[in-house]
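Below is one structure, written out as structure tokens; the observations come after it.
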Amino acid sequence: MTLSSTFITFEGIDGSGKSTQARRLAETLQTEGHDVVLTREPGGSPGAEQIRKLVLEGDPDRWSAETEILLFTAARRDHLERTILPALAKGQVVICDRFADSTRMYQGLSRGDLRKVVDQLHSLMIGREPDLTILIDMDPDTGLTRALSRQGSEERFEDFGPDLQRQMRAGFLALADEFSDRFRIIDGARDMDAVAADVHATALKALS
Ligand code: ADP
Ligand code: TYD
């Protein structure tokens, strides 16, 4: 096993292929001898998975925008303490489907301009950024079609509508610019193998 202690996150709009690509990267790196932990947000630890149900199921309007930020941050804190930091301390590669950039976008943009609140809470309670963030970029219409094809019981943010989805895409691209040292943008509107090859090459650079 190669010990390479690297924290990689996937970001992008709903249906862009993050979960698919995170899983494929984890499998490929594992085959190559890396010790990999594949995880996701909201969730990734027993406590955070409980909070996931609070934010993604039931009536979304029962939380104010501010309470929602606290819930996502509480889930992240538990995930960081129980899963991410222990794995990195053991030299494992942590691959996480969404992280703080999703809160910057979804909670920071969708219900008013709350980006500052998100950032303040992040520096107070999380204080950790990924080593590499892979942004799977694609136009929202394609993403939405894909996402709706596998809708389950979770109240997802896909219900946002096309304008907000477009705003999210632009927001993620702006975030990639803001944190250009750790963000890499990959075109997700291609077949899975082509996207996976780019993701793999990008991750290998971060690992070396
Ligand atoms: P996300 O985690 O970003 O919401 P998923 O990985 O769950 O996206 O993908 C959403 C849906 O689109 C799934 O049904 C998945 O199988 C499919 N999908 C993922 N990547 C591609 C691709 N490159 N081309 C076509 N369909 C894809
Ligand atoms: P996820 O399971 O990744 O959904 P998808 O596969 O459709 O991308 O995430 C569930 C939803 O949670 C998604 O709509 C984005 C939202 N979310 C936030 O609003 N804030 C956050 O901090 C995170 C991590 C997710």
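On the basis of being within 14 Å of ligand 1 (Cβ to nearest atom), under 22 Å from V199 (Cβ atoms) and free of Cβ contacts under 8 Å to residues at least 24 places away in the same chain, does R23 make the cut?
Numbers: within 14 Å of ligand 1 (Cβ to nearest atom): yes; under 22 Å from V199 (Cβ atoms): yes; free of Cβ contacts under 8 Å to residues at least 24 places away in the same chain: yes.
So R23 fits the description; yes.
Is it the case that D139 is modelled with pLDDT of 95 or more and acidic (D, E)?
Answer is no for this residue.
So which residues in the range 120-140 are aliphatic (A, V, I, L, M) and surrounded by fewer than 16 Cβ atoms within 10 Å (Cβ to Cβ)?
Result: L124, M125.
Within the range 164-182, can you find the residues that are more than 16 Å from ligand 2 (Cβ to nearest atom) and either assigned to a helix (DSSP H, G or I) or among the hydrophobic types (A, V, I, L, M, F, W, C) (or both)?
A170, L173, A174, A176, D177, E178, listed by residue number.
Does V55 count as at pLDDT 95 or above, β-branched (V, I, T) and in contact with a strand residue (DSSP E or B) (Cβ under 9 Å, 6 or more places away or on another chain)? Talk me through it step by step, then tell me what you get.
On the way: at pLDDT 95 or above: yes; β-branched (V, I, T): yes; in contact with a strand residue (DSSP E or B) (Cβ under 9 Å, 6 or more places away or on another chain): no.
When the stated conditions are applied, V55 does not pass them.
Does the range 1-38 hold any residues that are modelled with pLDDT of 95 or more and at positive phi, and which are they?
G12, G17, G33
Would you pick out the residues in the range 120-136 that are among the aliphatic types (A, V, I, L, M) and either within 16 Å of ligand 1 (Cβ to nearest atom) or closer than 18 Å to F10 by Cα (or both)?
First, pick out the residues of the range 120-136 that are among the aliphatic types (A, V, I, L, M): 121, 124-126, 132, 134-136.
Matches in the range 120-136: I126, L132, I134, L135, I136.
In the range 98-123, which residues are assigned to a helix (DSSP H, G or I) and of a type in the set (A, V, I, L, M)?
As a first pass, look at the range 98-123 and keep what is assigned to a helix (DSSP H, G or I): 100-109, 115-123.
Selection gives A100, M105, L109, V117, V118, L121.
Given (1) at pLDDT 95 or above; (2) touching an Asp or Glu at 6+ places or on another chain (Cβ under 8 Å); (3) surrounded by fewer than 20 Cβ atoms within 10 Å (Cβ to Cβ), identify the lone condition not met by S64.
(2)
Where residues in the range 190-202 are in contact (Cβ under 8 Å) with a residue 40 or more places away in the chain and surrounded by 14 or more Cβ atoms within 10 Å (Cβ to Cβ), which of them is farthest from R146 (Cα to Cα)? So that I can check it myself, show each step before the final result.
Keep residues of the range 190-202 that are in contact (Cβ under 8 Å) with a residue 40 or more places away in the chain, which gives 192, 195-196, 199-200, 202.
With the extra rule that they be surrounded by 14 or more Cβ atoms within 10 Å (Cβ to Cβ), the set shrinks to 195-196, 199-200, 202.
Details: V195: 16, A196: 17, V199: 20, H200: 22, T202: 24 Å.
Restricting to residues being in contact (Cβ under 8 Å) with a residue 40 or more places away in the chain and surrounded by 14 or more Cβ atoms within 10 Å (Cβ to Cβ), the top hit is T202.
Between A100, A196, A206, A201, which is under 22 Å from L38 (Cβ atoms), in contact with a helix residue (DSSP H, G or I) (Cβ under 8 Å, 6 or more places away or on another chain) and more than 11 Å from ligand 1 (Cβ to nearest atom)?
Values: A196 fails: more than 11 Å from ligand 1 (Cβ to nearest atom); A206 fails: in contact with a helix residue (DSSP H, G or I) (Cβ under 8 Å, 6 or more places away or on another chain); A201 fails: in contact with a helix residue (DSSP H, G or I) (Cβ under 8 Å, 6 or more places away or on another chain).
After ruling out the rest, the residue left standing is A100.
Hey, among I8, I69, I51, I84, which residue is under 18 Å from the mean Cα position of the chain (by Cα), touching a residue at least 12 places away in the same chain (Cβ under 8 Å) and within 16 Å of ligand 1 (Cβ to nearest atom)? Spell out how you get there, then give the answer.
Details: I69 fails: within 16 Å of ligand 1 (Cβ to nearest atom); I51 fails: within 16 Å of ligand 1 (Cβ to nearest atom); I84 fails: within 16 Å of ligand 1 (Cβ to nearest atom).
Being under 18 Å from the mean Cα position of the chain (by Cα), touching a residue at least 12 places away in the same chain (Cβ under 8 Å) and within 16 Å of ligand 1 (Cβ to nearest atom) holds for just one of I8, I69, I51, I84, which is I8.
The values are calculated or read from the model by the stated rules, or taken from the named source; none is laboratory data. Since this is a predicted model, take the numbers as computed values, not measurements. So basically every Cβ, Gly included, is an ideal-geometry build from the backbone, and we count neighbours across all protein chains shown.
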